[in-house]
Amino acid sequence: MEKLGFYRDTWAEIDLDAITSNVSSMKTHLGSHVKLIAVVKANAYGHGDVQVAKAAIETGAEQLAVAFLDEAISLRHAGITVPILVMGASRQTDVKIALEYDLALTVFSLKWLKEAVNQEEAKDKRVSIHLKVDTGMGRLGIREEQEFKDVLQFIRESTFFNLEGVYTHFATADELDTHYFEEQLHKFTLFVKNIDIEKIMIHCANSATGLRFPENVFNAVRFGISMYGLAPSLEIINQLPFQLKEAFSLHSKLVHVKRIPKGAKVSYGATYVADEDQWIGTLPIGYADGWIRRLRESEVLVDGKRVPIIGRICMDQLMIKLPNEKAIGTKVTLIGSQDKEKITVDEVASRLDTINYEVPCIITSRVPRVFLRNQGVVEVRNELLRGSFK
Ligand SMILES: *Cc1c(COP(=O)(O)O)cnc(C)c1O
């Protein structure tokens, strides 16, 4: 693998076959009248945006969505040509960038529209926009029906905008209690009742909604977390309509193995004290890779067995307690499977008292992403060397 573009024995593996399997299952589940928007914001939830986007598109995803213009521009630079929706707020002064790169912007106020028009004279190209309505998430979106009507009127009369979509976002679609979800869905239905669903994309569904309520998604789904093979929440993990395949795993190798005597101490603060003679292994991964200090109580896999991390996690390294002597270069799995044993993203999330979404996102760009197909390496992306190696 070294030849493929990285020189430290720590890497994340991204199984692109898992991505295509999840996209394909979701498309079948939703039916052919529903467009699949692959959500690849935040470097595809830490997996690798260009590679995931290409795998999703090849499996039939019609569009992509990201949070910010910069993310969309980066995908265009990589040669991706499908429609891309920027879901976050963009500056009015940047509509020319959206035009230049053919990106759809999210709009959520009349004031924004009026100011955006002033930025540039209408020309033959129109700015594609999706209107966002806030039905209860309280983040971005038009809340009042009157403003929504005024915005529609303004767009109809302008030659500057092209209304491509109307959408909203649910706050509780991943919870067993569907009360608030139904309230939001009802509000959204009222907002879009006069919108022509034959011509305009109407979308409200994230992964949880698309998986659980395919009959309520209108004509497009924004497929994020479950494209990566992760359940939107533990609450609904047993309600999934098909098997998700986890794409992300994290690995390292033993770079030093030593025997320490009873009473010897390990790592900063000398907080770990060996209660017997034991074998200790050092791994070249630490909190600067996103394996943060809170994970000091967690386990990793060596030769298919769970072993504990001991002492404080350092910036670039950590130590584990081995059951016996192991060879330098032995593979250690921090997330993923070895033989029959598996450490899931959900397990790491629960140790961190957070949600699975956050885990691959916080594995930093210092960790190269190795992309697999048919269990073979097809590409390595190493941000440190500013490169992609095939
Ligand atoms: C991130 C995001 C999604 C994707 O949600 P998942 O739960 O990951 O499927 C959809 N819509 C919006 C507006 C988002 O910000």
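Annotations
- Criterion (under 23 Å from the mean Cα position of the chain (by Cα) and under 23 Å from residue 48 (Cα atoms)) met by exactly one of 386, 351: 386
- Yes/no for residue 171 being within 12 Å of the ligand (Cβ to nearest atom), under 28 Å from the mean Cα position of the chain (by Cα) and in a loop (DSSP other than H, G, I, E, B): yes
- Failed item, numbered, when residue 194 is tested on (1) in a helix (DSSP H, G or I); (2) farther than 20 Å from residue 99 by Cα: (1)
- Test: residue in the stretch 131-150 that is open to solvent by 60 Å² or more (accessible area, probe 1.4 Å), within 16 Å of the ligand (Cβ to nearest atom) and among the aliphatic types (A, V, I, L, M): yes
- Any hit, the stretch 312-319, residues being outside any loop (DSSP other than H, G, I, E, B) and open to solvent by 50 Å² or more (accessible area, probe 1.4 Å): no
- A search for C-beta distances below 6 Å between a residue of the stretch 32-43 that is crowded, with 21+ Cβ neighbours inside 10 Å and any residue that is of a type in the set (Lys, Arg), counting only pairs 6+ apart in sequence or on different chains, returns 36/27; 37/222; 39/222.
- Residue 340 free of Cβ contacts under 8 Å to residues at least 40 places away in the same chain and open to solvent by 70 Å² or more (accessible area, probe 1.4 Å): yes
- Scanning the stretch 48-70 for residues that are at negative phi, touching a Lys or Arg at 6+ places or on another chain (Cβ under 7 Å), more than 11 Å from the ligand (Cβ to nearest atom) and part of a loop (DSSP other than H, G, I, E, B) gives a single hit, 62.
- Selected residue (criterion: nearest to the chain's Cα centre (by Cα)) from residues of the stretch 44-63 that are within 21 Å of residue 219 (Cβ to Cβ) and open to solvent by 20 Å² or more (accessible area, probe 1.4 Å): 57
The values are calculated or read from the model by the stated rules, or taken from the named source; none is laboratory data. What you are looking at is a predicted structure, and each value in this text was computed from that prediction instead of being measured. Heads up, the Cβs are rebuilt from the backbone with ideal geometry, glycines too, and the neighbour counts pull from every protein chain shown. Ligands, DNA and RNA are excluded from the accessible area calculation, which covers all protein heavy atoms including side chains. Shrake-Rupley method; radii C 1.70, N 1.55, O 1.52, S 1.80 Å.
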